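Everything on this sheet refers to the single structure shown next.
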Amino acid sequence: MKVLIVCGSKSDMRIAAEASNILDINNVSNEIQIASAHREPEKVKEIVKNSDVDVFIAIAGLSAALPGFIASLTNKPVIGVPVNVKLDGLDALLSTMQMPSGVPVATVGIDNGKNAAFLAIKILKLKYPKLK
């Protein structure tokens, strides 16, 4: 598997499915898991530590800590997808993109799982040039 999509809650599955679909169309192996950085931090740690993927996509709304938490646990690229839950998603957008120095998270637009998948593919092309 090359990409792991982690959702902060079941309500993020629609966005995860859009990302997974783009990855599938481009023959990029992927999986979706649900784990909350706030409610299940140990589960998130285990997912990241036991994963051999090349890229993580983390989808979360509200305080959107999931992408940054994953980024703090790995040196692999993390793409954050902020979700519109409250405040038109601006709270999640700012939480995802305002990471401290040394813990970068690539951030795409609010609810834009498709662009997260396209960015993951571009990242993967650096290691796997034969991807479409």
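The values are calculated or read from the model by the stated rules, or taken from the named source; none is laboratory data. None of these values were measured; they are calculated from a predicted model. We place every Cβ from the backbone using ideal geometry, glycine too, and count neighbours over all the protein chains shown.
Here residue 100 meets each of (1) touching an Asp or Glu at 6+ places or on another chain (Cβ under 9 Å); (2) surrounded by fewer than 20 Cβ atoms within 10 Å (Cβ to Cβ) with one exception, condition (1).
What about residue 32, is it β-branched (Val, Ile, Thr) and part of a helix (DSSP H, G or I)? In short, no.
Restricting attention to the stretch 4-28, which residues are in contact with a Leu (Cβ under 7 Å, 6 or more places away or on another chain), surrounded by 24 or more Cβ atoms within 10 Å (Cβ to Cβ) and among the aliphatic types (A, V, I, L, M)?
Residues of the stretch 4-28 that are in contact with a Leu (Cβ under 7 Å, 6 or more places away or on another chain), as a first pass: 6, 8, 26, 28.
When the remaining residues are screened for being surrounded by 24 or more Cβ atoms within 10 Å (Cβ to Cβ), the result is 6, 8.
Result: 6, single match.
Quick check on residue 111: is it in contact (Cβ under 8 Å) with a residue 12 or more places away in the chain, of a type in the set (Asp, Glu), buried (at least 17 other Cβ atoms within 10 Å of the Cβ) and within 22 Å of residue 28 (Cα to Cα)? Considered against the rule, which asks whether it is in contact (Cβ under 8 Å) with a residue 12 or more places away in the chain, of a type in the set (Asp, Glu), buried (at least 17 other Cβ atoms within 10 Å of the Cβ) and within 22 Å of residue 28 (Cα to Cα), residue 111 comes out as yes. Considering the conditions (1) farther than 19 Å from residue 104 by Cβ; (2) surrounded by fewer than 20 Cβ atoms within 10 Å (Cβ to Cβ); (3) under 14 Å from the mean Cα position of the chain (by Cα), residue 51 is excluded by exactly one of them, (1).
The numbered conditions (1) modelled with pLDDT under 95; (2) within 18 Å of residue 113 (Cβ to Cβ) are all true for residue 66 except (1).
Taking residue 125 as the residue in question, decide whether it is free of Cβ contacts under 8 Å to residues at least 12 places away in the same chain and surrounded by 15 or more Cβ atoms within 10 Å (Cβ to Cβ). So residue 125 fails the test.
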